[in-house]
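The values are calculated or read from the model by the stated rules, or taken from the named source; none is laboratory data. All figures in this text were calculated on a predicted structure; none of them were measured in a lab. All Cβ positions, even for glycine, are placed from backbone atoms using ideal geometry, and neighbour counts span all protein chains on display.
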Amino acid sequence: MTYPVFRLLPLVFLLFSACTTKMDAPDYQPVASTTVLLQNNHVGQLNVVHFESNPDRDVNANPVAIHILAIASPYGHSFSEYIETALRLEFRQAGIYSPQSPTIVSGTLQANKIAIAPSFWGLDDDWMASMTVRFVVNRGNQTVFDKIMTKEHHWRSVQLPKFAFPAAIQGYLAMVQFLVQELASDPDFIVATKTSAAALPNAEKASGGSG
């Protein structure tokens, strides 16, 4: 079976182009369903502090790239800051973000990548973006939540770069949104933050009574 050459030309461009296109990842946008999850499951206020990168791995390269496309973080030239900002924006949208809260969310970026599996038959290509983050919730000197979570998001896109590249940065954004939503719906995270929220008023009363 033979295939028209014109159907293979976009693939040839993607595989052998000497130029890499650089694009910024979209600014993070809170998701309505995540807002609902946070509002339904969290009654306390949460703070977000600096997210780090695993020092043993080159996981915070900016931009994150394959040979045809490089995606840059719009936040501090850092993808650990991208996930940090995502959480802060989601918490703020849900009305539970407070820089003064003693319940602090932090973490470490463990892995971050984008990949493409080209189709050789002129069909849509398979794209994938993934991120692994260790999320930690501390209240005072106590760690109440510590879990490594991974989200892998797949999508299909036409081979023409003018369509594939914008779809790729939107696919990357969607992957981060899905990861944040998985954290918000994680039963252990819900229990930890509910516990912290319930304990906070008691702590305030105790503090007020001691004066």
Open item on the list: Go through region 39-63 and report how many residues are under 15 Å from the mean Cα position of the chain (by Cα) and part of a strand (DSSP E or B).
Closed with: 5
- [ ] Might you check whether a residue that is over 17 Å from Val49 (Cα atoms) and not in a strand (DSSP E or B) occurs anywhere in region 138-159?
- [x] yes
- [ ] Scan region 81-97 for residues that are of a type in the set (S, T, N, Q) and within 14 Å of the chain's Cα centre (by Cα) and jot them down.
- [x] Thr85
- [ ] Tell me which residues, restricted to region 71-112, are aromatic (Phe, Trp, Tyr) and within 16 Å of Tyr172 (Cα to Cα).
- [x] Tyr75, Phe79, Tyr82
Task: Considering residues of region 166-192 that are small (Gly, Ala, Ser) and either free of Cβ contacts under 8 Å to residues at least 60 places away in the same chain or in contact with a Pro (Cβ under 9 Å, 6 or more places away or on another chain) (or both) only, the residue farthest from Val105 (Cα to Cα) - done: Ala167
Open item on the list: For region 42-70, which positions are buried (at least 19 other Cβ atoms within 10 Å of the Cβ) and at pLDDT below 90?
Closed with: His42, Gly44, Val59, Asn60, Asn62, Val64, Ile68, Leu69
Task: Cβ pairs under 8 Å, 6+ apart, first in region 28-39 and touching a residue at least 24 places away in the same chain (Cβ under 8 Å) and over 19 Å from Glu81 (Cα atoms), second surrounded by fewer than 17 Cβ atoms within 10 Å (Cβ to Cβ) and of a type in the set (S, T, N, Q) - done: Leu37/Ser185
Task: Unique match (being within 29 Å of Ala72 (Cβ to Cβ), part of a helix (DSSP H, G or I) and at pLDDT below 90) among Pro166, Pro201 - done: Pro166
